[in-house]
Amino acid sequence: MISLQYRGMGLRILPLIVGIVSCTSVLYIPENLSPAELIQKGQEASDRNRYKHSLQYYEAIIERYPSYIDEVCAVEYEIAFIHYKQKHYELAKYEFQALLSRYDSPDAELLPLQFKKLTELVLAKIAAKEH
């Protein structure tokens with residue numbers, strides 16, 4: 001806790017700072033949005049380079065609809081791709097590899113194949129940048 005002393009009074013400012021910062025960075029996402037609506041809003045935010053908002057929409061899908069495996073794979077790819085676009089290559093690489101590991105499971109044939117292929121392409125680009 002950060003405290004300031006002013007004429008003998010201890011003022012705790014950390015909760016105030018955290019409250020102010022979180023008000024500006026946390027996006028309100030209505031509970032009744034479908035996975036398709038969340039993906040659409042995430043894509044719109046990403047198209048406007050509002051990556052923090054985009055990530056929040058995508059993370060809402062993972063939290064609210066974990067059994068919607070097609071959508072979860074899609075947003076895991078999108079999250080990793082945002083980090084790739086931001087040149088956070090190590091984080092993106094880790095996230096892409098985590099997504100690829102889904103395709104090593106016994107249920108891999110149920111997963112959307114396009115995200116495996118796209119992930120492999122981006123990982124190849126990251127590997128080329130590393131060499």
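Computed from the coordinates by the stated procedures, all read-outs in this text should not be read as laboratory data. Everything quoted here is computed from the prediction, not taken from an experiment. Please note: Cβ atoms are built from the backbone with ideal geometry, for glycine as well, and neighbour counts cover all protein chains shown.
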In the stretch 29-130, taking the dipole from +1 charges on Lys and Arg beta carbons and -1 charges on Asp and Glu beta carbons about the Cα centre, the listed residue (Pro35, Leu91, Phe115) farthest towards the positive end is Leu91
Nearest-0.05 FRET efficiency for Gln86 and Glu109 at R0 = 35 Å, using Cβ-Cβ distance, is 0.60
So, with points 7 Å from each Cα along the Cβ direction, the Glu31-Ala128 label distance in nm works out to 4.7 nm
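Order these by the 10 Å Cβ neighbour count, fewest first: Glu95, Glu44. Intermediate values should be presented prior to the final figure.
Details: Glu95 20, Glu44 13.
Starting with the residue having the fewest Cβ neighbours, the order is Glu44, Glu95.
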Karplus ³J(HN,Hα) for the stretch 86-96 (6.51 cos²θ - 1.76 cosθ + 1.60, θ = phi - 60°; Hz, whole; x = Gly/Pro) runs 7, 6, 8, 5, 5, 5, 4, 4, 4, 5, 5
Listed by chain and number, the lysines with an alpha carbon less than 19 angstrom from that of Lys116, same-chain partners under 8 positions apart left out, are Lys85, Lys93, Lys125
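Under a Cβ-Cβ cut-off of 12 Å, what is the net charge of the residues other than Ala36 that fall near it, where Lys and Arg count +1 and Asp and Glu count -1? Working shown, then result.
Working: positive: Lys41; negative: Glu37, Asp70, Glu71.
Neighbour charge sum, excluding Ala36 itself: -2.
Which net charge results when you count Lys and Arg as +1 and Asp and Glu as -1 among the other residues whose beta-carbon is under 14 Å from that of Glu78? The partial results should precede the final answer.
Values: positive: Lys41, Arg50, Lys52, Lys85; negative: Glu44, Asp47, Glu59, Asp70, Glu71, Glu76, Glu95.
Every neighbour counted, the sum reads -3.
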Footprinting proxy, His88, His53: sorted fewest to most Cβ within 10 Å, the residues are His88, His53
Between the alpha carbon centres of the stretch 66-101 and the stretch 26-57 the gap in Å comes to 15 Å
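Using DSSP to call loops (not H, G, I, E or B), can you name the trypsin sites (Lys or Arg not before Pro) in the stretch 36-120 whose Cβ has at most 15 other Cβ atoms within 10 angstrom?
Numbers: sites: Lys41, Arg48, Arg50, Lys52, Arg64, Lys85, Lys87, Lys93, Arg102, Lys116, Lys117; in loops: Arg48, Arg50, Lys87.
Answer in residue order: Arg48, Arg50, Lys87.
Mind sorting Tyr28, Tyr84, Tyr57 by how few other Cβ atoms lie within 10 Å of their own Cβ, fewest first?
Values: Tyr28 5, Tyr84 19, Tyr57 24.
Sorted ascending by nearby Cβ count, the order is Tyr28, Tyr84, Tyr57.
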